[in-house]
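Engineer: Here it is, the structure, as structure tokens.
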Amino acid sequence: MAERRSGAAEGLARLSEWADAHLSLLRNLSAGVAVAGVLVLARSVRMTTKFTSALDIPVEFVAKNVKLRGKLHHITEKGLEVEHIPISIPFVTSIQRKWQSGGLLLVRLAGVELAPSGVAWLQRELKPKQVIWFQLLGREDLALECLVLLNKGRFLSVCLNEEILREGLGRAARIEGLHHDSRLYWKLHRRLLRAELKALKKNKGIWKEESYSERIRDRISNNKFVQTLKQFASWLRSSF
């Protein structure tokens, strides 16, 4: 029994001597773990932060094209007014809710020039408080240029940017916020152009051709001889 105690005491003594000899190393390791913990916590805090303004969103979120979730509130000619829904983490989220302020993000459909009929279509198709996803592509002043995704079932989602163009309710435009020489820019731009081409081929929305009778009526009304006759008739009425 005495031999066992002496062996344990000797082992403990050696461990103590090693710890004393490598005290600086242990301190550095502890400091490293602490720093790593702080970084992880900071990152989790940013991911759980509710963004109420486009300026609140970190620059790296936009640069990395992070996808965020939100609740739709209003649809205007300027874009979609969305309430950001952050990632929920126990304890961290409950603390943040006490000091987070309210506010809505202005989300625009990147690469799309909306027609008035497109705004009306969105107001019909989307429901208030509907949850959407928006992928950050750029930021201009207080607006976010995004790909807006709408879930249609468990495994299906629709890109509203493309859907608007497929319905002929807008025109493909420059994607603000992305470099024109980047692969992502041309990948997305080709997708939008293909969607626009489908509407053009089917004469949908703004690409719908006028009927034959409408074209004839327009040509007659624009004819110079007809316009002269109308002016002469107007002169006769005013003379008598």
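The values are calculated or read from the model by the stated rules, or taken from the named source; none is laboratory data. Please read these numbers as outputs of a predicted model, since none were measured by experiment. Using ideal geometry, Cβ is built from the backbone for each residue, glycine included, and neighbour counts are taken over all protein chains shown. Just the protein is used for accessible areas: all its heavy atoms, side chains included, with ligands, DNA and RNA removed. Shrake-Rupley method; radii C 1.70, N 1.55, O 1.52, S 1.80 Å.
Engineer: What is the local net charge at G70, summed over the other residues whose Cβ is closer than 11 Å to its Cβ (Lys, Arg +1; Asp, Glu -1)? Write out the running numbers ahead of the final one.
Structural biologist: Working: positive: K50, K67, R69, K71, K129; negative: E81, E83.
Net of charged neighbours comes to +3.
Engineer: Also, quick follow-up: Taking the simple approach of a point 7 Å from Cα along Cα-to-Cβ for both S53 and K152, what is their distance in nm?
Structural biologist: Label-label distance for S53 and K152, simple model: 3.8 nm.
Engineer: May I pose another question? Sort out for me the Cα centre separation of region 147-187 from region 55-87, rounded to whole Å.
Structural biologist: 15 Å
Engineer: Let me ask you something else. For a quick check of your reading of the filter: which chymotrypsin sites (Phe, Trp or Tyr not before Pro) in region 116-183 sit in a DSSP loop and have no more than 11 other Cβ atoms within 10 Å? Don't skip to the end; give the middle numbers.
Structural biologist: Values: sites: W121, W133, F134, F155; in loops: F155.
Passing sites in region 116-183 are F155.
Engineer: Tell me, what HN-Hα J-couplings in whole Hz come from the Karplus equation 6.51 cos²θ - 1.76 cosθ + 1.60 at θ = phi - 60° for each residue of region 67-77, using x for Gly and Pro?
Structural biologist: After applying 6.51 cos²θ - 1.76 cosθ + 1.60, I find 9, 10, 10, x, 10, 6, 10, 9, 10, 10, 5 Hz.
Engineer: Residue by residue through region 193-199, which ³J(HN,Hα) values in whole Hz follow from phi under the Karplus form 6.51 cos²θ - 1.76 cosθ + 1.60 (θ = phi - 60°), with glycine and proline marked x?
Structural biologist: 5, 5, 5, 5, 4, 4, 5
Engineer: What nm value, rounded to one decimal, do you get for the distance between K129 and H73 when each label is placed 7 Å out toward the C-beta?
Structural biologist: The answer from the label model is 1.5 nm.
Engineer: Report D181's accessible area, 1.4 Å probe, all protein chains in place, as a number in Å² to the nearest 10.
Structural biologist: 140 Å²
Engineer: OK, next. Please tell me which of these pairs span more than 21 angstrom C-alpha to C-alpha: K127/K202; K152/K201; K71/K127? Spell out each step's value before the answer.
Structural biologist: On the way: K127/K202 28 Å; K152/K201 26 Å; K71/K127 10 Å.
Beyond 21 Å: K127/K202; K152/K201.
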